[in-house]
Structure formats: structure tokens, C-alpha cells
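To start, the structure itself, in C-alpha cells.
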Amino acid sequence: MIRSKNLLLYLGLILGLIVSVFPFYWLAVMATRTTPEIYSFPPKLWFGSHLFDNISRVFDSIDFFRTLLNTLFVAAASTVLVLFFDSLAGYTFAKFSFPGKKWLFVLLLATMMAPAQLSLVPSFVIMAKFGWVGSFKALIIPGMANAFGIFWIRQYAEESVPSELLDAGKIDGCGFFRLYWNISLPILRPALSFLGAFTFIGAWNDYLWPLIILNDERKFTIQVALASLNGIYTTDYALVIAGTLLAVIPLIVMFLFVSKQFVSDIAAGAIKS
């Protein structure tokens, strides 16, 4: 009976792995084909011979490496700022009492209910008043703190950061920031790992706001540059898909690089809990 349950578990995991990996495999296959081959039926499930030709045309159509560096800078800066401000605010909401705390947190949660598209016009007007239209500041600073990150850290800190440990730190003379930096942050590492990956991927894949705020091709992010590969009347899907594959590769490399640390942090947090 136990072996049967284990077999079903493994089969389920294998099926989930196939379902998760197949879109990336199919993306790689289509990047090696021409547009007529992509439209062919039945679809071709194996690699073609046009990958390097498609990649070469991507490099000829857009300044790929400049847009890649732009996106890397915006995503990295956004992630660092979000991790700092969200962890600081979430930790404060979780472990400290102050006037209006409950209502401020309710207001914070309420902002999560509003669609992000509603803030596009007011945000653009504010950026125009600051003179930030067309600059990276308009991509980084407005998103340096968000309600989801604060809520996530607050929920994690409430259960994981012992109040007794903070009290002991206060007795030893630790101030607010010392308690946050030296005592709480190491405990919050699993939550920060998830939030960092979530924020980086979101900033990397962001399309609408950079499309609206950027007006200089030299500052385009990768998603805006890829959108320019679409023609007015026709679309060369082989070209677009090859560019998409190139844009996905850095995310896969990042995930492989941090996955070991990510999993170990989660395991450490589970053991502490």
C-alpha cells in the first residue's frame, strides 16, 4: 500500500515536471524554426536549424545587450529597495505597537484590492511633475515598496521572530535599527529569498509601465524592445520567439544560481518554526 502511494506520488511529480517544463521546451523548439514552420500542422516537436539565423536577426533588429543591461539594472535596483523597505515596514507592523497601526495596515491591504492599471495616469502625471519621464528613476522609485511585500514580511515575522529575543536585545542596549538589522533580518532570510525572486522576476517581465514612461530607445527594457519586433501588419513569430528565448535565459540562469540558497533558507525556516 505504501509503495503504491509512493508510486502515485512520483508519477504525479513527474507529470507536474513535464507540464512545467514543456512550455520552455516548446519555446526553444519554435525559436529554431521559421515562421511558416511554426504555423505548420501537425506541429514540429523537434529542433530545427534556424536558431542562429533567428538570433542574428534579433541582434540586427534591436540593441539587445543594451536593453538587457538596462533591464538588469532596473530589476536589481528595484529588488534591493523592495527588500529593504518592505522588510523594515513588515517587521515594524509585526513587532511594534504605534498609534493607528491597525488602520494603517487595513489601508495597506485595501491598496492591494485596486487594479494596478488605475494608477497609471496619476503615476505618469506625478513622474511628469518630477521631470522623471524617460528616466530609470520612474521605473525604480515608485515601486521601491509595495503592499504585498510588506504583508508577506509582516505575516512571516509575526510567527518567526520571537518577541523574547527582541526584548533580550533591548536589554543589551540594541536600538530599533540594530534589532532589525542584526537580529530580525537573519531570521527573515527565507521570506526575503522568496520576495527577492518574486520582485526581480516581476521587474524583469514588466512591460506596460516601461512602455508608457520610457521615450528613449537607449533606455528601453528588454520587454519593450521585444515588443518592437512586432510588425504593423504582419509578425515574424520566429524572430519574436527567438528574442523571447534570449530574454528568458537570464531568468533561468538566475534561478539555477539561487535555487540552492532559496531551498536551504526555506528548510532552515521550517526547522526553526
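Checking Ala89 against (1) within 27 Å of Leu72 (Cα to Cα); (2) touching a helix residue (DSSP H, G or I) at 6+ places or on another chain (Cβ under 7 Å); (3) open to solvent by 50 Å² or more (accessible area, probe 1.4 Å), which test does it fail?
(3)
Do you know which residues across the range 1-32 are among the polar types (S, T, N, Q) and over 30 Å from Val240 (Cα atoms)?
First pass over the range 1-32, keeping only residues among the polar types (S, T, N, Q): 4, 6, 20, 32.
Ser4, Asn6, listed by residue number.
Would you check if Asn70 is under 24 Å from Tyr25 (Cα atoms) and of a type outside the set (Phe, Trp, Tyr)? Before you say what the answer is, go through the steps one by one.
On the way: under 24 Å from Tyr25 (Cα atoms): no; of a type outside the set (Phe, Trp, Tyr): yes.
Spelling it out, it is not the case that Asn70 is under 24 Å from Tyr25 (Cα atoms) and of a type outside the set (Phe, Trp, Tyr).
Need a quick list: helices (runs of 4 or more DSSP H) entirely within the range 32-124 having at least 1 residues that are closer than 30 Å to Ser228 by Cβ. Can you show your working first?
Details: elements: 35-39, 51-61, 64-95, 101-113.
In the range 32-124, 35-39, 51-61, 64-95 are the helices (runs of 4 or more DSSP H) which contain 1 or more residues that are closer than 30 Å to Ser228 by Cβ.
Kindly list the number of the only condition in (1) over 27 Å from the mean Cα position of the chain (by Cα); (2) under 20 Å from Arg218 (Cα atoms); (3) not basic (Lys, Arg) that fails for Ser40.
Result: Ser40 passes all but (2).
Out of curiosity, is Asn215 modelled with pLDDT of 90 or more, closer than 30 Å to Val125 by Cβ and open to solvent by 70 Å² or more (accessible area, probe 1.4 Å)? Working first, answer last.
On the way: modelled with pLDDT of 90 or more: no; closer than 30 Å to Val125 by Cβ: yes; open to solvent by 70 Å² or more (accessible area, probe 1.4 Å): yes.
No, not satisfied.
Can you name the condition, by its number, that Gly175 falls short on among (1) over 21 Å from the mean Cα position of the chain (by Cα); (2) among the small types (Gly, Ala, Ser); (3) closer than 30 Å to Leu256 by Cα?
Condition (3) is where Gly175 drops out.
Within the range 176-212, how many residues turn out to be touching a Gly at 6+ places or on another chain (Cβ under 8 Å), open to solvent by 60 Å² or more (accessible area, probe 1.4 Å) and closer than 12 Å to Tyr91 by Cα?
Counting residues in the range 176-212 that are touching a Gly at 6+ places or on another chain (Cβ under 8 Å), open to solvent by 60 Å² or more (accessible area, probe 1.4 Å) and closer than 12 Å to Tyr91 by Cα gives 0.
Would you check which residues across the range 229-267 are small (Gly, Ala, Ser), over 15 Å from the mean Cα position of the chain (by Cα) and modelled with pLDDT of 85 or more and list them? Give the derivation first.
Initially, the range 229-267 is screened for residues small (Gly, Ala, Ser), giving 231, 238, 242-243, 247, 259, 264, 267.
Right, trim to over 15 Å from the mean Cα position of the chain (by Cα) and you get 231, 238, 242-243, 264, 267.
Answer for the range 229-267, where residues must be small (Gly, Ala, Ser), over 15 Å from the mean Cα position of the chain (by Cα) and modelled with pLDDT of 85 or more: Ala238, Ala242, Gly243.
Take the conditions crowded, with 19+ Cβ neighbours inside 10 Å and small (Gly, Ala, Ser) and apply them to Ala94. Does it pass? Write out each step before concluding.
On the way: crowded, with 19+ Cβ neighbours inside 10 Å: yes; small (Gly, Ala, Ser): yes.
Taking the combined requirement at face value, the residue satisfies it.
Output the number of residues of the range 63-86 satisfying the condition of being more than 27 Å from Gly175 (Cα to Cα) and crowded, with 20+ Cβ neighbours inside 10 Å. Before you say what the answer is, go through the steps one by one.
The first filter runs over the range 63-86 and keeps only residues more than 27 Å from Gly175 (Cα to Cα), leaving 63-78.
Still in the list and also crowded, with 20+ Cβ neighbours inside 10 Å: 67, 70-71, 74-75, 78.
Here the count works out to 6.
The values are calculated or read from the model by the stated rules, or taken from the named source; none is laboratory data. Just so you know, these numbers come straight off a predicted model, no measurement behind them. Don't worry about glycine lacking a Cβ; one is built from the backbone with ideal geometry, like all the others, and counts go over all protein chains shown. Accessible surface areas use protein heavy atoms only, side chains included; no ligands, DNA or RNA. Shrake-Rupley method; radii C 1.70, N 1.55, O 1.52, S 1.80 Å.
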